[in-house]
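K.L.:
Okay, here's the structure, questions in a sec.
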Amino acid sequence: MLYDKPDTLKPPRTDVLMMTPWFSPIVWNSTYNIDILNAQFHQRGFRIGITVFAIKKYIMFIKMFVETAEKFFMVGFKVNYYIFTDRAEDVRQNNFTLNEGRRVIILEVPSYKRWQEVSMRRMEMIRNYTQERFINEVNYLVCVDVDMEFSDDVGVEILSDLFGTMHPSFYEASRQHFTYERRPESEAYIPDDEGDFYYAGGFFGGTIEEVYKLTNYCPNAIITDMGKNIEARWHDESYINKYFLYHKPTKVLSPEYLWDNRFGVPGILKRRRFVAVPKNHNAIRN
């Protein structure tokens, strides 16, 4: 394979942080060579799983999600779409057109009255299926929100033992302004003087083993808090941030990988790969 030699004295980006203090790369456009990475992952024959929850009215997003993923997500690789839903027949009616080596797998799950409970139960469901099924079917698991669409390439550059994504609202903020859970009695509590980044609950993943550890921690912490009549400020996202604080991710994705166009397009954002679909949150959640 022929490619330009890396230049020790000319880093590809000088306008953004490219490495965490614990030596995990932060993935931005122009900081990697996708051809090299594709060759490495193709040699190993990996299959990637991606989970989404299409429950209640959120089922309206599943068609666009899969269609855009077929254009931009892990193109050229084997992919399992794991769709958790309480409306399996409605999902089947979409008749998805998939590329070779890719398949949709519908996992029927119960619905819940409150969207907050769906959010918190999500981690428990992923944990259970990780242990019972995913470990036998895929090498990496990517867990994302369904009310999004892919608009640019998302490939194997994101894969690592454990990765999280910077929240688009807080990548410039100081830790004091992060919306961590601040009540000391909560299992999700993070003090004002701690924290690296504010991670989004809508895009995380890693190897099956590491995703299991994360998704096992979260429901256990949630159950403990429920016993104290505590509901963390941002539900499962609060527990994800607590886990990542003390179990550092081996790769961090920049806001390119989770963006909302209502924030405009800052100069550092060369690509918007996975973006929020405009919607009325209250109408969908109720």
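K.L.:
For a quick check of your reading of the model, give me the residue pairs whose first member lies in the range 1-24 and is closer than 27 Å to residue 43 by Cα and aromatic (Phe, Trp, Tyr), whose second is open to solvent by less than 100 Å² (accessible area, probe 1.4 Å) and in a loop (DSSP other than H, G, I, E, B), with beta-carbon atoms closer than 6 Å and at least 6 apart or on different chains.
P.N.:
These pairs meet every condition: 3/33.
Here's the yes/no breakdown for (1) closer than 26 Å to residue 135 by Cα; (2) hydroxyl-bearing (Ser, Thr, Tyr); (3) touching a helix residue (DSSP H, G or I) at 6+ places or on another chain (Cβ under 7 Å); (4) not in a strand (DSSP E or B):
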position	(1), (2), (3), (4)
4	no, no, no, yes
7	no, no, no, yes
16	no, no, no, yes
30	no, yes, no, yes
37	yes, no, yes, yes
42	yes, no, no, yes
51	yes, yes, yes, no
67	yes, no, no, yes
80	yes, no, yes, no
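K.L.:
Now for a different question. Mind listing whichever residues of the range 221-235 are outside any helix (DSSP H, G or I) and open to solvent by 100 Å² or more (accessible area, probe 1.4 Å)?
P.N.:
Result: 229, 233, 234.
K.L.:
Still on this model: I need the full set of residues from the range 64-96 which are aliphatic (A, V, I, L, M) and without any contact (Cβ under 8 Å) to a residue 24 or more places away in the chain, in order please.
P.N.:
The answer is 88, and nothing else.
K.L.:
With 198, 189, 246 as the choices, which residue is on the phi < 0 side of the Ramachandran plot and buried (at least 20 other Cβ atoms within 10 Å of the Cβ)?
P.N.:
The match here is 198.
K.L.:
A further question on this structure: Right, residue 206: touching an Asp or Glu at 6+ places or on another chain (Cβ under 7 Å), outside any loop (DSSP other than H, G, I, E, B) and open to solvent by less than 20 Å² (accessible area, probe 1.4 Å) or not?
P.N.:
Here the answer is yes, as residue 206 does meet what is asked.
K.L.:
For the subset of the range 36-62 comprising residues that are within 19 Å of the chain's Cα centre (by Cα) and over 22 Å from residue 211 (Cβ atoms), which member is least open to solvent (accessible area, probe 1.4 Å)?
P.N.:
Ranking the qualifying residues of the range 36-62, first place goes to 61.
K.L.:
Would you please name the residue that is most open to solvent (accessible area, probe 1.4 Å), looking only at residues in the range 256-271 that are closer than 18 Å to residue 12 by Cβ and of a type in the set (Lys, Arg)?
P.N.:
The qualifying residue most open to solvent (accessible area, probe 1.4 Å) is 270.
The values are calculated or read from the model by the stated rules, or taken from the named source; none is laboratory data. Everything quoted here is computed from the prediction, not taken from an experiment. In this analysis, Cβ positions are derived from the backbone assuming ideal geometry, glycine residues included, and neighbour counts consider all displayed protein chains. For accessibility, only protein heavy atoms count, side chains too; no ligands or nucleic acids. Shrake-Rupley method; radii C 1.70, N 1.55, O 1.52, S 1.80 Å.
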